[in-house]
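J.: Here you go, one structure.
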Amino acid sequence: MENGAAQPVIVAIDGPSGTGKSSTSKAVAAQLGLSYLDTGAQYRAITWWMVTNGIDIQDPSAIAAVAGKPEIVSGTDPKDPTITVDGTDVAGPIRGQDVTSKVSAVSAVPEVRARITELQRSIAASAVTGIVVEGRDIGTTVLPDADLKIFLTASAEARAARRSGELKGADLHTTREALVQRDAADSSRKTSPLAKAGDAVEVDTTELTLTQVIECVVTLVEEKRAGK
Ligand SMILES: Nc1ncnc2c1ncn2[C@@H]1O[C@H](COP(=O)(O)OP(=O)(O)OP(=O)(O)O)[C@@H](O)[C@H]1O
Ligand SMILES: Nc1ccn([C@H]2C[C@H](O)[C@@H](COP(=O)(O)O)O2)c(=O)n1
């Protein structure tokens, strides 16, 4: 740019559940002065609204009919990401077991994806310094022209151990099965499944600490910005 101001940088971070997308994305965005968007929280928020309003989760046409109703607002400060539905703070309730077990069904409905994808693109377009957007289909569908695409992976065992620690001693086997099942549902849906973009950099985090993953992604962003 003529005045020397840096161009906004768009970073897409995708991957299965528990691979470290949220922790990594927040830290990278905070370190680099970028905005942050948790797209899983948006799908959880619309799922919470469906459940709260008694919509039959087994009926895609019932979900599709009301997909445009809730107003979902995401705060993009990586140090304090927020999520509201029709003005209600849902950051707590969307992490509960009920929403977690239903979010794959709701997020598979094309009308839901169209609505949320449009919202994600408008948030990314308005990020002044740039944004780290994490999810399942960011590099493939939402932001196919992102400057940098990362696909995080980790073994199911490592991911279950991380989640069990979070859930204060939850049974490892049950946690692993739930993760694997959700990944299978997210990978096999027809519209925008969980997938690695052809031009994404894959980072296997199984044997890496969170600090190492953050350093790796920060380096990749800096290299991109330097035009390497
Ligand atoms: N490399 C790592 N080593 C150890 N623990 C990690 C690592 N990366 C993340 N974690 C921990 O694993 C848990 C899951 O991480 P995080 O929520 O960032 O994953 P995620 O990919 O966003 O998951 P989901 O898609 O289910 O929201 C957190 O408790 C986090 O602190
Ligand atoms: N871009 C995205 C992000 C999330 N989802 C769906 C599928 C996930 O199971 C669910 C919750 O995501 P999480 O909070 O665990 O990251 O939301 C999706 O379909 N596309």
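The values are calculated or read from the model by the stated rules, or taken from the named source; none is laboratory data. Fair warning: this is a prediction, and the values are worked out from it, not measured in the lab. Please note: Cβ atoms are built from the backbone with ideal geometry, for glycine as well, and neighbour counts cover all protein chains shown. Protein only, heavy atoms only, side chains kept; ligands, DNA and RNA dropped before computing areas. Shrake-Rupley method; radii C 1.70, N 1.55, O 1.52, S 1.80 Å.
J.: Quickly run through segment 148-176 and pick out the residues that are more than 15 Å from ligand 2 (Cβ to nearest atom), modelled with pLDDT under 90 and part of a loop (DSSP other than H, G, I, E, B).
T.: Correct list: LYS168, GLY169, ALA170, ASP171.
J.: Which residues, taken from segment 1-53, are more than 25 Å from ALA160 (Cα to Cα) and in contact with an Asp or Glu (Cβ under 6 Å, 6 or more places away or on another chain)?
T.: Those that are more than 25 Å from ALA160 (Cα to Cα) and in contact with an Asp or Glu (Cβ under 6 Å, 6 or more places away or on another chain): VAL9, ILE10.
J.: Restricting the search to segment 139-161, which residues are within 22 Å of GLY68 (Cβ to Cβ) and open to solvent by less than 10 Å² (accessible area, probe 1.4 Å)?
T.: Once the filter is applied, which keeps residues that are within 22 Å of GLY68 (Cβ to Cβ) and open to solvent by less than 10 Å² (accessible area, probe 1.4 Å), segment 139-161 yields only VAL142.
J.: So, one more: Of the conditions (1) hydroxyl-bearing (Ser, Thr, Tyr); (2) within 16 Å of ligand 2 (Cβ to nearest atom); (3) open to solvent by 30 Å² or more (accessible area, probe 1.4 Å); (4) farther than 23 Å from THR88 by Cβ, SER22 clears all except one; give me its number.
T.: Result: SER22 fails condition (4) only.
J.: Related question: Working only within segment 177-202, note down all residues that are part of a loop (DSSP other than H, G, I, E, B) and touching a residue at least 24 places away in the same chain (Cβ under 8 Å). Write out each step before concluding.
T.: Kept after step one, since they are part of a loop (DSSP other than H, G, I, E, B), are these residues of segment 177-202: 189-200.
Of everything in segment 177-202, those that are part of a loop (DSSP other than H, G, I, E, B) and touching a residue at least 24 places away in the same chain (Cβ under 8 Å) turn out to be ARG189, LYS190, THR191, SER192, PRO193, LEU194, ALA195, LYS196, ALA197, ASP199, ALA200.
J.: Scan segment 94-112 and tell me whether some residue there is closer than 30 Å to GLU222 by Cβ, open to solvent by 10 Å² or more (accessible area, probe 1.4 Å), touching a residue at least 12 places away in the same chain (Cβ under 8 Å) and in contact with a helix residue (DSSP H, G or I) (Cβ under 7 Å, 6 or more places away or on another chain).
T.: Checked segment 94-112: no residue is closer than 30 Å to GLU222 by Cβ, open to solvent by 10 Å² or more (accessible area, probe 1.4 Å), touching a residue at least 12 places away in the same chain (Cβ under 8 Å) and in contact with a helix residue (DSSP H, G or I) (Cβ under 7 Å, 6 or more places away or on another chain).
J.: Ok, one more. Out of all the residues in segment 189-210, which are within 17 Å of the chain's Cα centre (by Cα), within 14 Å of ligand 2 (Cβ to nearest atom) and open to solvent by 80 Å² or more (accessible area, probe 1.4 Å)?
T.: Result: LYS196, single match.
J.: Which one of the conditions (1) aliphatic (A, V, I, L, M); (2) more than 19 Å from VAL142 (Cα to Cα); (3) within 13 Å of ligand 2 (Cβ to nearest atom) does ILE46 fail to meet, given that it meets all the rest?
T.: Going through (1) aliphatic (A, V, I, L, M); (2) more than 19 Å from VAL142 (Cα to Cα); (3) within 13 Å of ligand 2 (Cβ to nearest atom) one by one, ILE46 breaks only (2).
J.: Here is a check on your reading of the model: is VAL218 over 16 Å from ILE138 (Cα atoms) and in contact (Cβ under 8 Å) with a residue 12 or more places away in the chain?
T.: yes
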